[in-house]
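The values are calculated or read from the model by the stated rules, or taken from the named source; none is laboratory data. Predicted model only: the values in this text are computed from it and were never measured. Please note: Cβ atoms are built from the backbone with ideal geometry, for glycine as well, and neighbour counts cover all protein chains shown. SASA here: full protein model, heavy atoms, side chains in, ligands and nucleic acids out. Shrake-Rupley method; radii C 1.70, N 1.55, O 1.52, S 1.80 Å.
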Protein chains: 2
Amino acid sequence: MKKLINAPEKVLDESLDGFAAAHANLITLGAEHKFVRRKTLKPGKVALVSGGGAGHEPLHAGFVGAGMLDAACPGQIFTSPTPDQIAGAIKEVDSGAGSLVIVKNYEGDVMNFEMAAELADGHVMTVVVDDDVAVEKSTYSTGRRGVAGTLVVEKIVGAAAEEGRTLEALHALAQTVNSRTRSMGVALSSCTVPAAGTPTFKLADDEMEMGVGIHGEPGRRRVKLQSADAIAAELVESIIEDLKPGRGSDCLLFVNGFGGTPLIELYLMVNSAKRILSSHGISVTRFLTGNYVTSLEMAGCSITVTELDNELMKLWDAPVRTAALNWG
Amino acid sequence: MKKLINAPEKVLDESLDGFAAAHANLITLGAEHKFVRRKTLKPGKVALVSGGGAGHEPLHAGFVGAGMLDAACPGQIFTSPTPDQIAGAIKEVDSGAGSLVIVKNYEGDVMNFEMAAELADGHVMTVVVDDDVAVEKSTYSTGRRGVAGTLVVEKIVGAAAEEGRTLEALHALAQTVNSRTRSMGVALSSCTVPAAGTPTFKLADDEMEMGVGIHGEPGRRRVKLQSADAIAAELVESIIEDLKPGRGSDCLLFVNGFGGTPLIELYLMVNSAKRILSSHGISVTRFLTGNYVTSLEMAGCSITVTELDNELMKLWDAPVRTAALNWG
């Protein structure tokens, strides 16, 4: 295992300390590294809380700040945060208007976030994101997995929360965004969890895992490496088949790297995916490209498509000030 | 070779097409993909032009936009752009106030950019960035290499150009920033140039290349993998020894990933490097962390330190609107 670390059990804490130092203008760390929260809360605003295992950086801590999350709870790498940890974060950032908890659909996360919502003993609603069309159920999930589309939910609902909408309205919006968002990924290499020390899975030199999950869990099938165009076609066609966007739809195209694939390849995938969407009469009117929902150093990418209407586009464009997304 | 590509000879063009589509609000592509330029030029402003071989994305095209570069010329992967290509870009963005050309100190780049400056037949000045303390001369450079510190020069001088400073003043500022900036990197893995198809160099499972260049060229020595703290100590101490910042200095700490190292490790390096700088009485008052000056999918990172004064800090903080840096 070749990593820039000191000891596997210290990776998360030391990384969070670096993150907190680097972004002290935006965020602060909770006691014992239990959560990352906005430095300045906005009174009267519904709080948005997310989290999950580490190893997917910048998700979620990188999305804490104005226009997006109020708090994020990191678990150890690929391990759910604990219920008391999450409940602590919810209590910390609830300014009286209630909290919306955004959870990726993985069994451990769903269980712990739901338990936390009860523990927090406030006005808490939960939305479970399940955007991954690769498989109907997986190693760690009942039903579809929640993957990179989680970023889209967090951004759009974050903007709406900033406008002062109610918890119920934000919960409904989150469901809408989730229902209009689909993703699918491919891995060209595995990743290595520091505590394990060896790769999570093995791929031959000419193989890829089509439909991989964000912890390297199996997707649809293991196949020979294909061209970028062929890979983009399978990912985009799978998404379209499921999302069924109308011809003439506008969409957000989010090409997400898993951590080990360089930007030059991700933009090449943008070019392929956009062309394929166009051939279906779908216009890409918003783009996001980069390593945002990663699997440590895994090579590969996922494609996420969100069907946009004017409201969602406006909320996507709204100002955001976080470590990883900053615009408007 | 496992990459998301269609054919090695098409990687750059297809990637630039994706980049141009994704950032059409900021930039446009020159004919035949010869350069990336700001969509809207600012009349009367000195033009800032940079470039170099592709494979270091988001450098340089990702830094084109308000507050930073006016144009960037990408060569093929790890290959300098041609003089006529660069001259074309200079002519395209020169609005009458002259052009400052920012070049990383690599022989091919320096030769081609200097030839381009003559060909462009305007008021052109050149600054050569040589921030890498690892080696006094290298495979491809006479004198020190220009590496991640180039971003710092482009950002700070870009902000000053936006204020309407003269070409001569900007040239002097660029020299100042270069003289206050030092970098050094380490590689944990090689990278593979698509046209070559095999890794540029080989490292054993327990080895790293200390002082690596951004094309994978040799550094100081090949040694056994060490802890993050030990690596950070060698990088930071080498920088301090050369830069000789005074105790009580303020600095920018830029921890740059080479493309294959996840953000969780980069922030861990931030934590280490900051502590080491503090132990020398140097305060880190500005941070930048991420994969910005990459070597395709190489694992590893570089550390860059710029000694700041109030003016440089103000220019660093000034608004920037590019694909890869966006704040203020």
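Please list, ordered by first then second residue, the pairs with beta carbon atoms under 9 Å, 6 or more apart or interchain, first in segment A:163-183 and surrounded by fewer than 24 Cβ atoms within 10 Å (Cβ to Cβ), second of a type in the set (Asp, Glu) and part of a helix (DSSP H, G or I).
From residues that are surrounded by fewer than 24 Cβ atoms within 10 Å (Cβ to Cβ), the pairs are A:Leu173/A:Glu311.
Could you tell me whether segment B:218-238 includes any residue that is touching a His at 6+ places or on another chain (Cβ under 7 Å), open to solvent by 10 Å² or more (accessible area, probe 1.4 Å) and among the hydrophobic types (A, V, I, L, M, F, W, C)? Spell out the reasoning first.
Residues of segment B:218-238 touching a His at 6+ places or on another chain (Cβ under 7 Å): none.
No; the residues of segment B:218-238 include none that is touching a His at 6+ places or on another chain (Cβ under 7 Å), open to solvent by 10 Å² or more (accessible area, probe 1.4 Å) and among the hydrophobic types (A, V, I, L, M, F, W, C).
Hey, any hits in segment B:78-92 for a residue that's touching a Phe, Trp or Tyr at 6+ places or on another chain (Cβ under 6 Å), in contact (Cβ under 8 Å) with a residue 40 or more places away in the chain and assigned to a loop (DSSP other than H, G, I, E, B)?
No, there is no match, as no residue in segment B:78-92 is touching a Phe, Trp or Tyr at 6+ places or on another chain (Cβ under 6 Å), in contact (Cβ under 8 Å) with a residue 40 or more places away in the chain and assigned to a loop (DSSP other than H, G, I, E, B).
Identify all residues within segment A:122-144 that are closer than 24 Å to A:Ala89 by Cα and assigned to a loop (DSSP other than H, G, I, E, B); write none if there are none.
A:Gly122, A:His123, A:Asp130
Limited to segment A:180-200, what total is found for residues that are under 30 Å from A:Leu252 (Cβ atoms) and not in a strand (DSSP E or B)?
So the count comes out to 6.
Can you tell me which residue among B:Phe63, B:Phe19 is buried (at least 24 other Cβ atoms within 10 Å of the Cβ), closer than 24 Å to B:Met111 by Cβ and of a type in the set (Phe, Trp, Tyr)?
So the residue among B:Phe63, B:Phe19 that is buried (at least 24 other Cβ atoms within 10 Å of the Cβ), closer than 24 Å to B:Met111 by Cβ and of a type in the set (Phe, Trp, Tyr) is B:Phe63.
Among (1) open to solvent by 30 Å² or more (accessible area, probe 1.4 Å); (2) away from every other protein chain (no Cβ under 14 Å); (3) in contact with a Leu (Cβ under 7 Å, 6 or more places away or on another chain), which single condition is B:Gln76 missing?
Unmet condition: (2).
In segment B:35-60, which residue that is farther than 17 Å from B:Phe258 by Cα and aliphatic (A, V, I, L, M) is surrounded by the fewest Cβ atoms within 10 Å (Cβ to Cβ)?
If we take residues in segment B:35-60 being farther than 17 Å from B:Phe258 by Cα and aliphatic (A, V, I, L, M), then B:Leu41 is surrounded by the fewest Cβ atoms within 10 Å (Cβ to Cβ).
Please find, among B:Ala134, B:Ala148, B:Ala161, B:Ala174, the residue that is outside the structural domain of B:Tyr292 (by TED's automatic domain parsing) and farther than 29 Å from B:Gly300 by Cα.
Answer to the selection: B:Ala161.
Consider B:Glu32 against the criteria (1) crowded, with 24+ Cβ neighbours inside 10 Å; (2) more than 14 Å from chain A (Cβ to nearest Cβ): it satisfies all of them except one. Which criterion is unmet?
Evaluating B:Glu32 over (1) crowded, with 24+ Cβ neighbours inside 10 Å; (2) more than 14 Å from chain A (Cβ to nearest Cβ) leaves (1) as the failure.
Of the residues in segment B:35-59, how many are in contact (Cβ under 8 Å) with a residue 60 or more places away in the chain and within 12 Å of chain A (Cβ to nearest Cβ)?
Matching residues across segment B:35-59 total 6.
Residues in segment B:83-101 that are in contact with a Gly (Cβ under 9 Å, 6 or more places away or on another chain) and among the aliphatic types (A, V, I, L, M): how many?
Count: 5.
If a residue has to be of a type in the set (Ser, Thr, Tyr) and over 17 Å from B:Glu57 (Cβ atoms) to count, how many in segment B:3-38 make the cut?
Summing the residues that are of a type in the set (Ser, Thr, Tyr) and over 17 Å from B:Glu57 (Cβ atoms) in segment B:3-38 gives 1.
Are there any strands (runs of 3 or more DSSP E) wholly within segment B:246-328 with 1 or more residues that are within 12 Å of chain A (Cβ to nearest Cβ) and open to solvent by 10 Å² or more (accessible area, probe 1.4 Å), and if so which?
Because the criterion is at least 1 residues that are within 12 Å of chain A (Cβ to nearest Cβ) and open to solvent by 10 Å² or more (accessible area, probe 1.4 Å), the strands (runs of 3 or more DSSP E) in segment B:246-328 that meet it are B:283-290.
Name the residue that is surrounded by the most Cβ atoms within 10 Å (Cβ to Cβ), counting only residues in segment B:201-210 that are part of a strand (DSSP E or B) and more than 11 Å from chain A (Cβ to nearest Cβ).
Ranking the qualifying residues of segment B:201-210, first place goes to B:Glu209.
Kindly evaluate B:Asp70 against the criterion of being of a type in the set (D, E, K, R) and open to solvent by less than 10 Å² (accessible area, probe 1.4 Å).
The answer is yes for B:Asp70.
Here are some residues: A:Ser141, A:Ser183. Which one is more than 14 Å from chain B (Cβ to nearest Cβ) and at pLDDT below 95?
Going through A:Ser141, A:Ser183 in turn, the sole match is A:Ser141.
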